[in-house]
Amino acid sequence: MSKKLSFGIWSSVKMSVILIALTAATILVGAWCPQEGQVGREKVFEAFGKDNGQIVINLGLADTYHSPWFLFLIAMLSLSMLAASFERVFPRLLTLKNKMPLLDKGGIEKLPFHKSVEYEAEPGTESGGKSLDEIESKLKKKGFNIIREGNKLTGEQGLIGRLAPSVTHVGLLSLLVGVTITSWTGFNGFQPVKLGECLSFEDSQHSKLWIGSLPNWQGRVIETRRENHPTGEPKQWYTTLAIEDKFGKVLKTAELSVNNPLTYDNVDIYQSSWGIDSIALKFNGQKQTIPVNPMGKRFAAFLPLDQDSVMIFSVLDQKSDLRIFAKRSNWEAPKILTEIKPGQSATLGGVTLTYDGIIPRTGLQYKRDPGIFVVYTAFGFIMIGVLLAFIPHRHVWACEEQNDNKISLAIGGRSPKAKIAFERMIEKIIEPYEKLQIAWQLKNQTEKIVDEQIREEICQTSK
Amino acid sequence: MSDLQVVLTNTAGVTSIISFWIFVASNAFKNWKPKILGSAFWVLLIGFIALTCAIVARGIEAQRFPLSNLYESLLWFAWAIMGAYLWLAATLNHAGVWHLGWLASLTAASFFLYGSWLPQSQHDIQPLVPALVSYWRQIHVPPLIVSYAMFFLSGLSGLVQLWWGGRRVTVFGLIFTILLACSAIALGTFSQIAVYYLQALFVGGSLLGVIFSWINLKKVKTEAINASREELYDDISYRCISVGFPLLTIGIITGGLWANHAWGSYWSWDPKESMALVTWLSYAAYIHLRIHREIPADKLAVVSCIGLLLTLLTYLGFNTLGFGGLHSYGQLK
């Protein structure tokens with residue numbers, strides 16, 4: 001006999017639930033507290049103030065998902081899941097082929113839900129079994145697999161649902177493997193790149209335990225633009241990248257946009273954001289670039305003219321006109337001076353201003369994720385597992401015993417899910433026999449009354 | 001928003017209110033109760049059909065899948081709550097499910113009211129931001145909204161279960177806690193109160209309310225116990241979770257696939273996705289406790305109500321209580 005694996009407390013449901021609860025509570029804290037790695041230190045100070053923010057940072061709350069406590073919890077949860085999988089979940093697969101025992105009336109009456117009836121056998125039937133034939137046929141129609149031996153039967157429905165825990169646990173364990181592969185060999189990063197400049201991977205991020213390598217090619221931005229809705233809201237951002245080797249030879253040219261990444265050499269490059277870096281102008285033919293910053297929907301630059309006045313340049317995207325405003329301290333609002341189309345000029349106070357266009361900046365996210373295939377497979381297993389869990393697993397037992405002219409029929413079963421519907425199904429199956437039972441009881445009672453009446457009449461006659 | 005859409009949405013809202021009052025009024029007419037309850041079902045069905053048409057009309061008008069902002073998601077949520085109740089009532093042959101019926105109608109009506117009070121910009125059909133221009137939107141969001149509705153119904157069933165288990169103090173404690181959480185969300189949506197107070201109101205109120213309710217589980221009004229109804233609502237609660245949990249899983253995973261497709265990371269610990277994971281973990285714990293029969297049904301009912309609060313926090317709380325993150329499409333401010 002093979003020895004059963006036992007991991008003690010590690011495989012217990014209580015341990016799993018405690019670890020799940022602690023992990024959930026920790027993630028809740030991480031979701032509530034701004035994470036420094038995602039939003040920057042300034043946001044933490046903005047949320048809690050300088051002093052309290054520093055305390056939050058020192059406590060590790062602003063980096064919850066890298067804190068030793070969280071990593072410890074994940075490690076414990078993984079151990080618990082491994083132990084439970086090998087001790088309880090996977091061994092259950094071996095029991096799938098086990099046949100359920102057939103139960104007699106006493107056994108059925110011990111089930112969580114059961115019904116018993118007694119009724120009169122049809123004249124001339126001695127071996128019985130008619131009611132079981134009918135029940136078998138009804139259960140088969142409902143998709144039960146039936147095993148029948150004489151006057152006993154057992155039926156099972158939704159056996160595939162019993163695979164759910166195993167499939168889900170395989171998925172969760174595969175996810176751990178996939179994430180580990182990614183962590184040890186993958187890299188990722190974000191880089192804002194100006195038109196004409198190159199995306200490189202030198203500043204990419206990866207784990208401390210890393211055995212991967214960085215690509216020796218780079219992506220040059222040869223075009224980037226923004227498409228707008230009629231209301232002026234951004235509709236889509238596009239970037240055309242030329243993949244170049246270290247000698248500058250173009251290996252591939254392709255366009256990417258939001259939700260349409262570019263893949264080269266197992267590196268995925270994503271369009272993440274878009275903005276304007278600066279505007280190119282000529283003042284009386286002399287080239288100048290002026291950096292701009294986002295201001296609402298538009299991008300703007302402020303050029304102080306003297307202590308009291310400022311010139312404002314405002315632009316929306318590569319196609320839009322450049323709007324030029326002036327603002328003095330005693331004016332309520334800026335006054336528009338002129339609008340210039342890209343490539344055209346205007347004269348302002350004796351200066352010829354030529355607007356050459358914008359210099360856009362595209363935000364590119366990149367990553368190489370060698371574990372992604374395993375992760376996606378794990379996702380597939382988890383989804384199939386939880387969908388299988390939706391299928392209720394049900395067992396039914398029935399037996400019929402005939403004693404002279406009396407038939408005893410017992411039916412019962414169990415269904416951990418959709419219990420009420422299951423009980424109603426059983427009630428519906430046994431309903432015709434309950435009617436037979438009532439009819440038999442009525443007949444017996446009538447016979448009893450008639451007997452008593454006859455007895456009384458005989459007594460009265462004899463008196 | 002077209003007139004047709006307004007009429008259909010208003011019809012759905014009004015019918016949910018009417019069906020609520022029919023459910024309530026049925027208590028006053030004992031002889032006609034079955035017929036009155038049957039009519040409440042049909043009124044709710046009319047509302048469900050009207051809302052289905054309203055959503056389809058909005059999609060046709062917008063020329064996109066109509067699920068991209070808070071208002072549209074509220075319509076979907078109300079649709080799922082109404083649909084799920086109708087499904088339960090139909091599969092369980094109406095018998096005794098009406099205790100959940102008035103709660104489902106009330107929830108749908110509340111969400112309609114909440115949606116109608118949102119600014120006009122939410123009602124208007126707006127162009128999509130680049131990140132939402134993807135077929136993944138219709139794969140990722142509907143399972144999540146439907147799962148939230150199922151968890152809501154599960155929590156409400158838990159309340160009814162506790163009521164018929166004679167645990168009246170616990171029920172009142174939990175109702176008060178849920179109302180407190182809803183108030184925090186309403187204040188977060190429509191007032192300028194600092195989010196820290198509202199976060200404290202939601203989280204603090206929920207913690208204290210759940211602890212109070214849990215402690216008072218021992219207080220049982222034995223003459224109020226109706227074991228068969230208690231068992232029925234326990235079964236309904238688990239059935240709702242059995243549907244909601246796979247949908248939440250699919251929603252989280254498809255969100256990860258979309259995120260990986262769109263910006264190269266299937267998990268970025270964004271507050272909303274982290275909160276969805278917390279909700280997933282809490283229901284995973286519920287299922288483990290249920291399958292292995294580790295705790296009794298009344299405690300599981302309280303766990304389902306905790307799940308309702310977590311669902312509320314995931315769905316509406318993170319957008320209205322100022323948690324920020326990538327999922328800001330549902331935000332107003």
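The values are calculated or read from the model by the stated rules, or taken from the named source; none is laboratory data. Because the structure is predicted, anything quoted here is derived from the model rather than measured. Cβ atoms come from the backbone with ideal geometry, glycine included; neighbour counts cover every protein chain shown. Only protein heavy atoms, including side chains, enter the accessible area calculation; ligands, DNA and RNA are left aside. Shrake-Rupley method; radii C 1.70, N 1.55, O 1.52, S 1.80 Å.
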Order the following by accessible area, largest value first: A:CYS33, A:CYS198, A:CYS459. Probe radius 1.4 Å; ligands, DNA and RNA are ignored.
A:CYS459, A:CYS198, A:CYS33
Please work out the Kirkwood hydrodynamic radius for chain A, using every pair of different C-alpha atoms, and report it in angstroms with one decimal place.
30.8
Sorted list, accessible surface of protein heavy atoms, 1.4 Å probe, largest first, for A:THR168, B:THR11 is B:THR11, A:THR168
Cα-based helix-to-principal-axis angle, A:68-84 vs chain A, degrees rounded to 10
30
Helix-derived [θ] at 222 nm for chain A: sum -39500 (n - 2.57) over DSSP H runs of at least 4, divide by residue count, nearest 500?
-11500 deg cm²/dmol
Rounded to whole Hz and in sequence order, give me ³J(HN,Hα) for region A:282-290 from the Karplus expression 6.51 cos²θ - 1.76 cosθ + 1.60, θ = phi - 60°, writing x for Gly and Pro.
10, 9, 6, x, 8, 5, 9, 10, 10
Show me, for region A:110-117, the HN-Hα J-couplings you get by feeding each phi into the Karplus relation (A = 6.51, B = -1.76, C = 1.60, θ = phi - 60°), rounded to Hz, glycine and proline as x.
8, 6, x, 9, 7, 9, 10, 9
Distance (nanometres) between label positions extended 7 Å along Cα→Cβ at A:ASP51 and B:GLN192:
2.8
If r is the Cβ-Cβ distance from A:GLU255 to A:ILE18 and R0 is 45 Å, what FRET efficiency results, to the nearest 0.05?
0.30
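Work out the mean other chain Cβ neighbour count within 10 Å for the residues of B:273-280 and drop it here as an integer. Don't skip to the end; give the middle numbers.
Details: counts 2, 11, 6, 2, 5, 9, 2, 3.
If you average over the peptide's residues, the count of other-chain Cβ atoms is 5.
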Per residue, how many Å² of accessible area does the protein assembly as shown show with a 1.4 Å probe?
48
Note: B:127-134 gets an average of partner chain Cβ contacts (10 Å, Cβ to Cβ) equal to 6
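What length, rounded to one decimal in nm, is gained on full extension from A:VAL29 through to A:LYS110, with 0.36 nm per residue of separation minus their alpha-carbon distance?
Here the segment from A:VAL29 to A:LYS110 would lengthen by 24.4 nm.
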If you find the alpha carbon centre of region B:128-153 and of region A:409-463, how far apart are they in angstrom?
55
Gyration tensor verdict on region A:275-362 (Cα atoms; rounded if a/c is under 1.5, prolate if a/b is larger than b/c, oblate otherwise):
oblate
Name the GluC sites (Glu not before Pro) in region A:62-145 that are in a loop by DSSP and that have at most 16 other C-beta atoms within 10 Å, would you?
A:GLU109, A:GLU126
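In deg cm²/dmol, rounded to 500, what helix-only [θ] at 222 nm does chain B give when every DSSP H run of at least 4 residues adds -39500 (n - 2.57) and the total is split over its residues?
Result for chain B: -25500 deg cm²/dmol, rounded to the nearest 500.
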Would you mind pulling out the separation of the Cα centroids of region B:282-313 and region B:218-263, in Å?
8
With a point put 7 Å past each Cα toward its Cβ, work out how far A:ASP245 is from A:GLN460 in nm, to one decimal.
12.2
Within region A:385-428, backbone nitrogen closer than 15 Å to the virtual label 7 Å beyond the Cα of B:HIS292 toward Cβ
none
Cα centroid separation, region A:146-172 to region A:226-297 (Å)
57
Note: B vs A interface, total accessible area buried (1.4 Å probe; ligands, DNA, RNA excluded), nearest 100 Å², is 4500
Region A:201-235: GluC sites (Glu not before Pro) in DSSP coil with no more than 13 other Cβ atoms inside 10 Å:
A:GLU202
Amide N proximity, region A:328-356 versus A:ASP306 label position 7 Å along Cα-to-Cβ, cut-off under 15 Å:
A:328-331, A:349
Given a Förster radius of 51 Å and the C-beta distance between A:ILE147 and A:THR180 as r, what FRET efficiency does 1/(1 + (r/R0)^6) yield to the nearest 0.05?
0.70
With the crude spin-label approximation of a point 7 Å out along Cα→Cβ, what separation in nm comes out for A:GLU223 versus B:LYS30?
8.1
Once you keep just the Cα pairs under 8 angstrom separated by 6 or more residues, what percentage relative contact order results for region A:275-362?
32
For A:GLU223, the residues 5 or more places away or on another chain with a placed amide H closer than 5 Å to its own amide H are A:THR240
For region A:405-419, state which residues have at least 10 Å² less accessible area in the presence of all protein chains than in their chain by itself, taking the probe as 1.4 Å and leaving out ligands, DNA and RNA.
A:PRO416, A:LYS417, A:ALA418, A:LYS419
Placed amide H near A:GLY371: partners under 5 Å, 5+ positions off or other chain
A:THR182
How big is chain B along each principal axis, measuring the range of its Cα positions in Å and listing the largest first?
59, 41, 37
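Just the ratio, please: alpha-carbon radius of gyration of the protein assembly as shown over 2.2 N^0.38 Å, N its number of residues.
Taking the Cα Rg and dividing by 2.2 N^0.38 Å, one obtains 1.21.
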Let's test the formula: R0 of 45 Å, r as the Cβ-Cβ distance of B:LEU4 and B:ILE175. What FRET efficiency results, to the nearest 0.05?
0.75
Two-decimal ratio, region A:1-89, of alpha-carbon radius of gyration to 2.2 N^0.38 Å:
1.48
Farthest toward the dipole's positive end in the protein assembly as shown, which of A:PHE144, A:PRO294, A:ASN216, given Cβ charges of +1 (Lys, Arg) and -1 (Asp, Glu) about the Cα centre?
A:ASN216
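So which helices of chain B fit the span-like rule, where a helix is a whole DSSP H run, its Cα atoms reach 24 Å or more along the axis, and its mean Kyte-Doolittle is at least 0.5?
Once both thresholds are applied, what remains is B:3-25, B:33-62, B:70-91, B:98-116, B:136-164, B:168-190, B:195-215.
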Phi-derived 3J(HN,Hα) across region A:146-161 with the Karplus relation (6.51, -1.76, 1.60, θ = phi - 60°), rounded Hz, x for Gly and Pro, is 10, 10, 10, 9, x, 9, 10, 9, 9, x, 10, 10, x, 4, 4, x
By average Cβ neighbour count within 10 Å, what is the ranking of A:50-61, A:327-338, B:251-262, B:299-310 from highest down?
B:299-310, B:251-262, A:50-61, A:327-338
For the protein assembly as shown, which whole percent of the accessible surface, found with a 1.4 angstrom probe, sits on carbon and sulfur atoms?
61
